[in-house]
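S.K.: Before I ask anything, let me first share the structure, which is written out below as C-alpha coordinates.
The values are calculated or read from the model by the stated rules, or taken from the named source; none is laboratory data. Please read these numbers as outputs of a predicted model, since none were measured by experiment. For neighbour counting, all protein chains shown are included, and Cβ atoms are generated from backbone atoms with ideal geometry for every residue, glycine included. Ligands, DNA and RNA are excluded from the accessible area calculation, which covers all protein heavy atoms including side chains. Shrake-Rupley method; radii C 1.70, N 1.55, O 1.52, S 1.80 Å.
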Amino acid sequence: MNPELMEKLAEEIQKVGFKTGQIQGILFPQSTCDIWDQIYNFQAREDDILVATFPKAGTTWMQEIVDLIMLNGDVERSMRAPCFVKVPFIEINPRPLPSVESANAMKSPRLLKTHLPIQLVPPSFWEKNVKVIYVARNAKDCMVSYYHFQRMNKSLPDPGTWEEYFSAYLAGNVPWGSWFDHVIGWWKARDKQQILYVFYEDMIEDPKREIRKVSTFLDKDLTEEVLDTICHHTSFDSMKDNPMANYSVLPSFVFDHSISPFMRKGKVGDWMNHFLVEQNIIFDEEYKKRMEGSRLSFRNKL
Ligand code: A3P
(Lines give C-alpha, C1' and ligand atoms only; values in the text may rest on other atoms or scores of the structure.)
Protein backbone atom coordinates (compact mmCIF):
# COMPACT_ATOMS: atom_id res chain seq x y z
CA MET A 1 0.00 0.00 0.00
CA ASN A 2 1.22 3.49 -0.66
CA PRO A 3 2.79 5.25 2.37
CA GLU A 4 0.34 8.16 2.36
CA LEU A 5 -2.63 5.79 2.52
CA MET A 6 -0.94 3.80 5.31
CA GLU A 7 -0.39 6.92 7.33
CA LYS A 8 -4.02 7.98 6.95
CA LEU A 9 -5.17 4.51 7.89
CA ALA A 10 -2.98 4.46 11.00
CA GLU A 11 -4.38 7.87 12.00
CA GLU A 12 -7.99 6.75 11.51
CA ILE A 13 -7.48 3.52 13.43
CA GLN A 14 -5.82 5.34 16.31
CA LYS A 15 -8.65 7.87 16.31
CA VAL A 16 -11.55 5.41 16.28
CA GLY A 17 -9.65 2.52 17.85
CA PHE A 18 -11.93 -0.41 18.35
CA LYS A 19 -14.85 1.49 19.80
CA THR A 20 -18.23 0.04 19.01
CA GLY A 21 -21.68 1.54 18.67
CA GLN A 22 -25.11 0.15 17.84
CA ILE A 23 -27.55 0.36 14.97
CA GLN A 24 -31.02 -0.99 15.76
CA GLY A 25 -29.54 -2.86 18.71
CA ILE A 26 -26.77 -4.51 16.69
CA LEU A 27 -23.10 -3.97 17.48
CA PHE A 28 -20.96 -2.27 14.82
CA PRO A 29 -17.62 -0.50 14.76
CA GLN A 30 -18.25 3.08 15.89
CA SER A 31 -16.79 4.28 12.60
CA THR A 32 -19.64 2.52 10.76
CA CYS A 33 -22.24 4.09 13.06
CA ASP A 34 -20.69 7.51 12.41
CA ILE A 35 -21.60 7.39 8.71
CA TRP A 36 -24.66 5.15 8.93
CA ASP A 37 -26.96 7.51 6.99
CA GLN A 38 -24.51 7.55 4.12
CA ILE A 39 -24.30 3.76 4.16
CA TYR A 40 -28.05 3.20 4.37
CA ASN A 41 -28.64 5.61 1.50
CA PHE A 42 -26.08 3.88 -0.71
CA GLN A 43 -27.25 3.80 -4.33
CA ALA A 44 -27.06 0.33 -5.83
CA ARG A 45 -27.10 -0.21 -9.59
CA GLU A 46 -28.99 -2.87 -11.52
CA ASP A 47 -25.86 -4.69 -12.62
CA ASP A 48 -24.18 -4.73 -9.20
CA ILE A 49 -23.40 -8.07 -7.62
CA LEU A 50 -23.41 -8.25 -3.84
CA VAL A 51 -21.59 -10.87 -1.77
CA ALA A 52 -23.26 -10.98 1.65
CA THR A 53 -22.18 -13.02 4.66
CA PHE A 54 -22.00 -13.12 8.41
CA PRO A 55 -18.30 -12.41 9.20
CA LYS A 56 -15.96 -15.33 8.60
CA ALA A 57 -18.35 -17.38 6.48
CA GLY A 58 -16.09 -17.37 3.41
CA THR A 59 -16.64 -13.84 2.06
CA THR A 60 -13.18 -13.43 0.55
CA TRP A 61 -13.35 -16.86 -1.03
CA MET A 62 -16.67 -16.02 -2.73
CA GLN A 63 -15.41 -12.59 -3.78
CA GLU A 64 -12.47 -14.16 -5.57
CA ILE A 65 -14.74 -16.71 -7.23
CA VAL A 66 -17.25 -14.13 -8.46
CA ASP A 67 -14.51 -11.79 -9.68
CA LEU A 68 -13.00 -14.63 -11.72
CA ILE A 69 -16.40 -15.67 -13.07
CA MET A 70 -16.99 -12.11 -14.29
CA LEU A 71 -13.53 -12.15 -15.87
CA ASN A 72 -14.11 -15.54 -17.58
CA GLY A 73 -11.27 -16.99 -15.53
CA ASP A 74 -8.64 -14.38 -16.41
CA VAL A 75 -6.30 -14.91 -13.45
CA GLU A 76 -3.94 -12.09 -14.35
CA ARG A 77 -6.73 -9.52 -14.34
CA SER A 78 -8.11 -10.89 -11.11
CA MET A 79 -4.78 -10.00 -9.53
CA ARG A 80 -5.08 -6.33 -10.57
CA ALA A 81 -5.57 -5.17 -6.97
CA PRO A 82 -6.02 -6.53 -3.43
CA CYS A 83 -9.43 -8.07 -2.75
CA PHE A 84 -10.48 -5.21 -0.45
CA VAL A 85 -9.78 -2.67 -3.22
CA LYS A 86 -11.48 -4.61 -6.02
CA VAL A 87 -14.55 -5.23 -3.88
CA PRO A 88 -15.66 -2.30 -1.73
CA PHE A 89 -17.02 -3.27 1.69
CA ILE A 90 -19.98 -0.95 1.78
CA GLU A 91 -20.35 -0.47 5.54
CA ILE A 92 -16.70 -0.28 6.54
CA ASN A 93 -15.09 2.96 7.49
CA PRO A 94 -12.00 4.10 8.25
CA ARG A 95 -12.17 6.16 5.10
CA PRO A 96 -8.95 5.31 3.33
CA LEU A 97 -10.19 1.76 2.92
CA PRO A 98 -12.52 1.36 -0.04
CA SER A 99 -16.11 1.61 1.14
CA VAL A 100 -19.12 3.71 0.13
CA GLU A 101 -17.17 6.51 -1.51
CA SER A 102 -14.97 4.27 -3.62
CA ALA A 103 -17.99 2.17 -4.57
CA ASN A 104 -19.75 5.34 -5.75
CA ALA A 105 -16.78 6.22 -7.91
CA MET A 106 -16.45 2.73 -9.37
CA LYS A 107 -17.44 1.84 -12.92
CA SER A 108 -20.08 -0.84 -13.50
CA PRO A 109 -20.36 -3.75 -13.19
CA ARG A 110 -19.41 -3.58 -9.54
CA LEU A 111 -18.82 -6.41 -7.12
CA LEU A 112 -19.62 -5.31 -3.57
CA LYS A 113 -19.34 -6.87 -0.13
CA THR A 114 -21.48 -6.59 2.98
CA HIS A 115 -21.88 -8.28 6.35
CA LEU A 116 -25.13 -6.45 7.07
CA PRO A 117 -28.10 -8.40 8.41
CA ILE A 118 -30.91 -8.36 5.87
CA GLN A 119 -32.98 -5.68 7.62
CA LEU A 120 -30.12 -3.17 7.44
CA VAL A 121 -29.22 -3.64 3.77
CA PRO A 122 -29.61 -0.32 1.90
CA PRO A 123 -33.08 -0.43 0.26
CA SER A 124 -31.70 0.51 -3.15
CA PHE A 125 -30.35 -3.06 -3.49
CA TRP A 126 -33.93 -4.36 -3.43
CA GLU A 127 -35.29 -1.52 -5.57
CA LYS A 128 -32.72 -2.33 -8.25
CA ASN A 129 -33.28 -6.10 -7.88
CA VAL A 130 -29.54 -6.69 -7.43
CA LYS A 131 -28.24 -10.27 -7.51
CA VAL A 132 -26.91 -11.33 -4.13
CA ILE A 133 -24.78 -14.33 -3.27
CA TYR A 134 -25.14 -15.14 0.40
CA VAL A 135 -22.58 -17.51 1.93
CA ALA A 136 -23.50 -19.21 5.18
CA ARG A 137 -21.13 -21.25 7.34
CA ASN A 138 -21.91 -23.39 10.36
CA ALA A 139 -22.05 -21.34 13.56
CA LYS A 140 -19.36 -23.23 15.45
CA ASP A 141 -16.64 -22.82 12.82
CA CYS A 142 -17.73 -19.23 12.26
CA MET A 143 -17.31 -18.57 15.97
CA VAL A 144 -13.80 -20.03 16.09
CA SER A 145 -12.74 -18.19 12.94
CA TYR A 146 -14.21 -14.90 14.22
CA TYR A 147 -12.47 -15.31 17.58
CA HIS A 148 -9.08 -15.60 15.90
CA PHE A 149 -9.95 -12.80 13.49
CA GLN A 150 -10.87 -10.43 16.33
CA ARG A 151 -7.50 -11.25 17.90
CA MET A 152 -5.58 -10.21 14.80
CA ASN A 153 -7.80 -7.41 13.43
CA LYS A 154 -6.83 -4.25 15.27
CA SER A 155 -9.90 -2.33 14.11
CA LEU A 156 -12.22 -4.70 16.01
CA PRO A 157 -12.56 -5.13 19.79
CA ASP A 158 -10.25 -7.60 21.50
CA PRO A 159 -12.28 -10.81 21.89
CA GLY A 160 -11.09 -11.53 25.44
CA THR A 161 -10.69 -15.14 26.51
CA TRP A 162 -12.24 -17.98 24.53
CA GLU A 163 -14.77 -18.49 27.38
CA GLU A 164 -15.77 -14.83 27.28
CA TYR A 165 -16.02 -14.88 23.51
CA PHE A 166 -18.14 -18.02 23.51
CA SER A 167 -20.78 -16.30 25.67
CA ALA A 168 -20.63 -13.02 23.75
CA TYR A 169 -21.04 -14.76 20.39
CA LEU A 170 -23.93 -16.88 21.57
CA ALA A 171 -25.68 -13.77 22.86
CA GLY A 172 -25.06 -11.91 19.60
CA ASN A 173 -22.78 -9.39 21.33
CA VAL A 174 -20.16 -9.35 18.60
CA PRO A 175 -19.77 -6.91 15.71
CA TRP A 176 -22.54 -7.45 13.12
CA GLY A 177 -24.67 -9.13 15.76
CA SER A 178 -26.21 -12.56 16.06
CA TRP A 179 -25.18 -15.38 13.73
CA PHE A 180 -28.66 -16.91 14.23
CA ASP A 181 -30.59 -13.79 13.21
CA HIS A 182 -28.25 -13.23 10.28
CA VAL A 183 -28.48 -16.65 8.62
CA ILE A 184 -32.22 -16.96 9.28
CA GLY A 185 -32.99 -13.43 8.07
CA TRP A 186 -31.24 -13.99 4.76
CA TRP A 187 -32.72 -17.51 4.42
CA LYS A 188 -36.26 -16.18 4.72
CA ALA A 189 -35.64 -13.51 2.08
CA ARG A 190 -34.12 -15.82 -0.51
CA ASP A 191 -37.30 -16.47 -2.51
CA LYS A 192 -38.44 -12.86 -2.51
CA GLN A 193 -35.24 -11.42 -3.94
CA GLN A 194 -32.54 -12.61 -6.33
CA ILE A 195 -30.53 -14.33 -3.61
CA LEU A 196 -28.40 -17.41 -4.12
CA TYR A 197 -27.88 -19.02 -0.71
CA VAL A 198 -24.63 -20.99 -0.67
CA PHE A 199 -23.06 -23.03 2.15
CA TYR A 200 -19.35 -22.90 2.97
CA GLU A 201 -19.43 -26.63 3.75
CA ASP A 202 -20.77 -27.34 0.23
CA MET A 203 -17.96 -25.24 -1.24
CA ILE A 204 -15.40 -27.27 0.68
CA GLU A 205 -17.07 -30.54 -0.32
CA ASP A 206 -17.23 -29.79 -4.04
CA PRO A 207 -15.90 -26.38 -5.04
CA LYS A 208 -16.41 -26.89 -8.78
CA ARG A 209 -20.08 -27.78 -8.31
CA GLU A 210 -20.65 -24.63 -6.24
CA ILE A 211 -18.70 -22.40 -8.64
CA ARG A 212 -20.83 -23.72 -11.48
CA LYS A 213 -23.96 -22.92 -9.46
CA VAL A 214 -22.76 -19.34 -8.92
CA SER A 215 -21.86 -18.87 -12.59
CA THR A 216 -25.29 -20.14 -13.69
CA PHE A 217 -26.93 -17.72 -11.25
CA LEU A 218 -24.91 -14.92 -12.85
CA ASP A 219 -25.89 -16.09 -16.36
CA LYS A 220 -22.29 -16.93 -17.22
CA ASP A 221 -21.79 -20.00 -19.34
CA LEU A 222 -18.22 -21.09 -18.58
CA THR A 223 -16.28 -23.96 -20.12
CA GLU A 224 -15.03 -26.84 -18.00
CA GLU A 225 -11.51 -25.51 -18.47
CA VAL A 226 -12.41 -22.08 -17.10
CA LEU A 227 -14.24 -23.65 -14.18
CA ASP A 228 -11.14 -25.72 -13.41
CA THR A 229 -8.94 -22.61 -13.56
CA ILE A 230 -11.24 -20.77 -11.14
CA CYS A 231 -11.32 -23.79 -8.86
CA HIS A 232 -7.55 -23.98 -8.79
CA HIS A 233 -6.92 -20.26 -8.31
CA THR A 234 -9.45 -20.01 -5.47
CA SER A 235 -8.29 -23.09 -3.56
CA PHE A 236 -7.20 -22.43 0.01
CA ASP A 237 -3.54 -23.03 -0.83
CA SER A 238 -3.57 -20.71 -3.87
CA MET A 239 -5.33 -17.93 -1.99
CA LYS A 240 -3.04 -18.33 1.02
CA ASP A 241 -0.08 -17.64 -1.29
CA ASN A 242 -1.80 -14.85 -3.22
CA PRO A 243 -0.93 -11.42 -1.75
CA MET A 244 -3.98 -9.97 -3.53
CA ALA A 245 -6.28 -12.36 -1.65
CA ASN A 246 -4.61 -13.03 1.71
CA TYR A 247 -4.64 -9.47 3.12
CA SER A 248 -0.86 -9.52 3.65
CA VAL A 249 -0.59 -6.11 1.98
CA LEU A 250 -2.37 -4.48 4.91
CA PRO A 251 0.05 -3.18 7.54
CA SER A 252 0.34 -5.15 10.78
CA PHE A 253 -1.28 -2.37 12.80
CA VAL A 254 -4.48 -3.29 10.93
CA PHE A 255 -4.19 -7.07 10.47
CA ASP A 256 -1.49 -8.74 12.55
CA HIS A 257 -0.96 -12.06 10.80
CA SER A 258 1.67 -13.05 13.36
CA ILE A 259 -1.19 -13.39 15.89
CA SER A 260 -3.36 -15.38 13.48
CA PRO A 261 -3.13 -15.42 9.68
CA PHE A 262 -6.18 -14.27 7.73
CA MET A 263 -6.05 -17.47 5.69
CA ARG A 264 -6.01 -19.54 8.86
CA LYS A 265 -7.17 -23.15 8.31
CA GLY A 266 -10.06 -23.16 5.84
CA LYS A 267 -11.58 -26.36 7.24
CA VAL A 268 -14.94 -27.70 8.34
CA GLY A 269 -14.88 -28.89 11.96
CA ASP A 270 -12.05 -26.87 13.50
CA TRP A 271 -14.52 -26.02 16.29
CA MET A 272 -13.78 -29.48 17.69
CA ASN A 273 -10.31 -28.23 18.61
CA HIS A 274 -11.79 -25.33 20.59
CA PHE A 275 -15.17 -26.22 22.10
CA LEU A 276 -15.14 -27.76 25.57
CA VAL A 277 -17.62 -30.59 26.10
CA GLU A 278 -19.71 -28.34 28.36
CA GLN A 279 -19.70 -25.50 25.82
CA ASN A 280 -20.85 -27.86 23.12
CA ILE A 281 -23.86 -28.90 25.21
CA ILE A 282 -24.78 -25.26 25.93
CA PHE A 283 -24.33 -24.37 22.28
CA ASP A 284 -26.42 -27.25 20.95
CA GLU A 285 -29.29 -26.39 23.31
CA GLU A 286 -29.30 -22.76 22.18
CA TYR A 287 -28.98 -23.80 18.55
CA LYS A 288 -32.01 -26.06 18.79
CA LYS A 289 -34.11 -23.28 20.30
CA ARG A 290 -33.02 -20.59 17.87
CA MET A 291 -33.16 -22.63 14.66
CA GLU A 292 -36.44 -24.40 15.37
CA GLY A 293 -38.90 -24.05 12.51
CA SER A 294 -36.40 -22.34 10.22
CA ARG A 295 -35.89 -25.38 7.94
CA LEU A 296 -32.30 -24.29 7.67
CA SER A 297 -29.69 -26.88 8.44
CA PHE A 298 -25.93 -26.78 8.65
CA ARG A 299 -23.21 -29.39 8.65
CA ASN A 300 -20.68 -29.06 11.47
CA LYS A 301 -18.50 -31.75 9.99
CA LEU A 302 -18.18 -33.47 6.63
P1 A3P B 1 -10.74 -19.99 9.08
O2 A3P B 1 -10.44 -18.89 10.04
O3 A3P B 1 -11.62 -21.05 9.68
O4 A3P B 1 -9.53 -20.57 8.45
P5 A3P B 1 -14.09 -14.26 5.52
O6 A3P B 1 -13.48 -14.07 4.18
O7 A3P B 1 -15.58 -14.23 5.51
O8 A3P B 1 -13.48 -13.36 6.53
O9 A3P B 1 -13.79 -15.77 5.97
C10 A3P B 1 -12.50 -16.18 6.32
C11 A3P B 1 -12.53 -17.67 6.54
O12 A3P B 1 -12.66 -18.32 5.25
C13 A3P B 1 -11.25 -18.19 7.15
O14 A3P B 1 -11.61 -19.36 7.89
C15 A3P B 1 -10.44 -18.53 5.90
O16 A3P B 1 -9.38 -19.41 6.11
C17 A3P B 1 -11.54 -19.17 5.05
N18 A3P B 1 -11.19 -19.18 3.62
C19 A3P B 1 -10.77 -18.17 2.85
N20 A3P B 1 -10.49 -18.60 1.61
C21 A3P B 1 -10.74 -19.93 1.60
C22 A3P B 1 -10.62 -20.94 0.60
N23 A3P B 1 -10.20 -20.68 -0.61
N24 A3P B 1 -10.97 -22.21 0.95
C25 A3P B 1 -11.42 -22.50 2.20
N26 A3P B 1 -11.53 -21.58 3.17
C27 A3P B 1 -11.21 -20.31 2.88
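S.K.: Could you tell me which of the residues W187, W176, W126, W162 is aromatic (F, W, Y) and in contact with a Pro (Cβ under 6 Å, 6 or more places away or on another chain)?
M.R.: W176
S.K.: If the Cβ limit is 9 Å and pairs must be 6+ apart or interchain, which residue in region 122-146 that is closer than 19 Å to L112 by Cα and part of a helix (DSSP H, G or I) pairs with which residue that is away from the ligand (no atom under 16 Å from the Cβ) and open to solvent by less than 10 Å² (accessible area, probe 1.4 Å)?
M.R.: Note: pairs meeting the criteria are S124/F42; S124/A44; S124/V130; F125/F42; F125/A44; F125/D48; W126/A44; E127/A44.
S.K.: If you go through region 1-39 one residue at a time, how many are modelled with pLDDT under 95, under 15 Å from P117 (Cα atoms) and among the polar types (S, T, N, Q)?
M.R.: 1
S.K.: Could you count how many residues in region 260-277 are open to solvent by 60 Å² or more (accessible area, probe 1.4 Å) and within 16 Å of the ligand (Cβ to nearest atom)?
M.R.: Adding up the residues that qualify gives 4.
S.K.: Okay, next question. Restricting to region 117-138, name every residue that is buried (at least 24 other Cβ atoms within 10 Å of the Cβ) and closer than 23 Å to Y165 by Cβ.
M.R.: V135, A136, R137
S.K.: Additional query: Could you give every pair whose Cβ atoms fall below 9 Å, whose first residue belongs to region 285-302 and is open to solvent by 50 Å² or more (accessible area, probe 1.4 Å), and whose second residue is among the hydroxyl-bearing types (S, T, Y), counting only separations of at least 6 or pairs across chains?
M.R.: R290/S178
S.K.: Within region 150-166, restricting attention to residues that are surrounded by 19 or more Cβ atoms within 10 Å (Cβ to Cβ) and within 20 Å of G177 (Cβ to Cβ), which residue is farthest from the ligand (Cβ to nearest atom)?
M.R.: The residue in question is F166.
S.K.: Would you say N280 is open to solvent by 30 Å² or more (accessible area, probe 1.4 Å) and either within 13 Å of the ligand (Cβ to nearest atom) or at pLDDT 95 or above (or both)? Outline the logic, then answer.
M.R.: Numbers: open to solvent by 30 Å² or more (accessible area, probe 1.4 Å): yes; either within 13 Å of the ligand (Cβ to nearest atom) or at pLDDT 95 or above (or both): yes.
Criteria met by N280.
S.K.: While we're looking at this one, here's another question. Pull out all pairs, ordered by first then second residue, where Cβ-Cβ is under 6 Å, the residues are six or more apart or on different chains, the first lies in region 251-270 and is without any contact (Cβ under 8 Å) to a residue 40 or more places away in the chain, and the second is part of a loop (DSSP other than H, G, I, E, B) and open to solvent by less than 40 Å² (accessible area, probe 1.4 Å).
M.R.: Taking only residues 6 or more apart or on different chains, the pairs are M263/N246.
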